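Down below is the structure, laid out as structure tokens.
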Amino acid sequence: MKTGFILGTLVLVALIFLYEWPRINRTQKKEKIVFIALLSLGTILAIVLILNPDLPGPTQMIDYIYKPLGRMLGK
Amino acid sequence: MIEKGKISATQMGIMMYLTIIATAILLVPAITARQAKQDMWLSPFWASFIGFLTVYIAVQLHQLYPQKNLIEYSEDILGKFLGKAVGLIFLFFYLHVSGIIIREYGEFIVGSFLLHTPLVFVMGTIILVCSFAVRCGLEVIGRLAEMIVPVVIIMILILLILLIPDMEVANMFPIMEKGMMPSLKGAVIPQGWFTEFFLIAFLLPYVADRNKAKKWGMISVVAVMLTLSFVNIAVLFVLGELTAGFIYPAMSAVRYISIAGFLEHIEAIVAALWVAGVFLKIAVFYYALVLGTAQWLNLSDYRPIIFPVGFLLLLFSIWSASNLMELTHFLGSSSPFYRISIQMGIPLILLFIAKWRKRASNSNQGKYQG
């Protein structure tokens, strides 16, 4: 099951890459670096999330910071 | 400047109207009702003050730095390092909030219509569609808004009219049984939605008729306030005290519509409205996020990063909550403070510093001249 999801993610990433890469101008070096960086960040995050779905996320972090205020609203 | 398109002030107002109400009409009545009970129709009025304030702050900042948007002028105001830090906070905020919006959409569609479709697929398709809209630029999103909003308003009015036979005005009484506090407490949650008006900080530099921008921003706030109050009143009249128990009260209220035995199951229209509205909402957030990221990294074009950011959005929407209960709990407890502090708190501080800097530099110039 998990290998399937990982394969699916890789296919999706490959499709994004194949679609977008030829469209970036050869002169836009910085864009290429950012594109690759963001895409690999996404891939790594996706694989981590597939292997460990209960990873505490951004919502938990924000909830932790704002909890004292949130308690004001009760419950 | 990365974005070359121009929108009119009217388009900006219309765009923001739909952006705010798209998720607000569906989720907010229940969360408001939990705090405000039968006074829930009052809450949007209190909440709108923060909407006016947010528009005012965004317009004031825009007047100080007419050609720039938030990511660019925060650097001018706070200096290179702190400015970049504020920009990063905003980018993370928009990534997270867009993820939550997409999750709300996915849960709604999977929970009420496409029961057997995987959540990831539903969310992935809306992101794909939105990424095409974002790719076309701001002008296209503006024109889309002009096309969708009249339909949405007419549909909301028709639904409200069709609900009249099921309404029970007595549900509203006693008005302010426990004083103002419950309605004020209930206003905290819509406030979170009203602060989303700060998105105009990303749109203002591309508005062609700038002197009208403030007027249309304010009109948009009033329109959102009226829509939310009317929806809250209608839901309250139909469902009464039960409102807080539903996840999507507006949807459940519409299920009551049954005219002469053949005009039934109109909730499909609500769903259609909602898909259209959320499509625009996600597109606007997505646009702000992609444009902001490109400016933060000093790129010359934002189009190459649309799909990678969309992929991240999909991941954040999955990551942001493990189920719908957790999501609505977050929306009802910490999220309003989160949204208010970032979309109103930080800009307010920026505005004060910017004003103070302007004044300091002006008085310095005065000294040299004198």
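The values are calculated or read from the model by the stated rules, or taken from the named source; none is laboratory data. All figures in this text were calculated on a predicted structure; none of them were measured in a lab. Every residue, glycine as well, gets a Cβ built from its backbone with ideal geometry; the counts of neighbours run over all protein chains shown. Ligands, DNA and RNA are stripped out before the accessible areas are found, and what is left, the full protein with its side chains, is counted by its heavy atoms. Shrake-Rupley method; radii C 1.70, N 1.55, O 1.52, S 1.80 Å.
Among the residues of the stretch B:299-336, those with an accessible-area drop of 50 Å² or more from chain alone to full protein complex, heavy atoms and 1.4 Å probe, are B:Leu299, B:Pro304, B:Phe307, B:Pro308, B:Phe311, B:Leu312, B:Leu315, B:Trp319, B:Phe330, B:Ser334. Per the Debye formula on identical point scatterers at the alpha carbon atoms of chain A, with no solvent, log10 I(q)/I(0) at q = 0.20, 0.25, 0.26 Å⁻¹ is -0.89, -1.10, -1.14.
Measuring with a 1.4 Å probe in the full set of protein chains, what accessible area per residue, in whole Å², belongs to the stretch A:2-73?
66
Ellipticity at 222 nm from helices only: DSSP H runs of n ≥ 4 in chain B, each -39500 (n - 2.57), divided by the residue count, give -24500 deg cm²/dmol. Summarising the amide proton neighbourhood of B:Val207: residues at separation of 5 or more, or on other chains, whose placed amide H is nearer than 5 Å comprise B:Ile7. Distance between the pseudo-spin-label points of B:Val120 and A:Ile65 (7 Å out from Cα toward the beta carbon): 2.9 nm.
Estimated at the nearest 10 Å², the accessible area of B:Ser361 is 50 Å² with a 1.4 Å probe. Taking every full run of DSSP H in chain B, the ones that stretch at least 24 Å from end to end by Cα along their long axis and average -0.5 or higher on the Kyte-Doolittle scale are B:9-36, B:43-64, B:80-112, B:119-136, B:138-163, B:213-239, B:267-296, B:346-369. The modelled label-to-label distance for the pair B:Lys80/B:Lys6, using points 7 Å beyond Cα in the direction of Cβ, is 3.4 nm. Accessible surface ranking for A:Leu15, B:Leu144, B:Leu350, 1.4 angstrom probe, highest first: A:Leu15, B:Leu144, B:Leu350.
For B:Leu297, the solvent-accessible surface computed with a 1.4 Å probe is close to 50 Å², ligands and nucleic acids excluded.
How big a patch of accessible area, both sides summed and in Å² to the nearest 100, lies buried between A and B at a 1.4 Å probe? Kindly include the intermediate steps, with their values, before the conclusion.
Details: alone 6810 and 15920 Å², together 19520 Å².
In total, chains A and B hide about 3200 Å² from solvent.
Which angle between 0 and 90 degrees, to the nearest 10, do you get for helix A:2-20 versus the longest principal axis of chain A when only C-alpha atoms count? That helix lies at roughly 50 degrees to the long axis.
Could you check how much of the accessible area of chain A is carbon and sulfur, as a whole percent, using a 1.4 Å probe? It is 72 percent, rounded to a whole number. Three principal axis extents of the stretch B:231-304 based on alpha-carbon atoms, in descending order, are 59, 28, 16 Å. Legend: Rg and Dmax of the protein assembly as shown, from Cα coordinates, 22.3, 83 Å.
By accessible area of protein heavy atoms, probe 1.4 Å, what ranking do A:Glu31, B:Glu146 get, highest first?
B:Glu146, A:Glu31
For the stretch B:9-350, the solvent-accessible area with a 1.4 angstrom probe is 35 square angstrom per residue. Each listed q (0.09, 0.13, 0.23 Å⁻¹) maps to a log10 I(q)/I(0) for the stretch B:1-120, found by the Debye formula over equal Cα scatterers with no solvent: -0.40, -0.81, -1.37.
Calculated on the alpha-carbon coordinates, the convex hull of chain B measures out at 140 cubic angstrom per residue. In the stretch A:34-59, burial by the other protein chains removes 50 Å² or more of 1.4 Å probe accessible surface, compared with the chain on its own, from A:Val34, A:Leu38, A:Leu45, A:Leu49, A:Pro58, A:Thr59. Across every direction, the projection of the convex hull enclosing the Cα atoms of the stretch B:131-226 has a mean area of 9.1 nm².
The share of accessible area on chain B that comes from carbon and sulfur is 69 percent, using a 1.4 angstrom probe.
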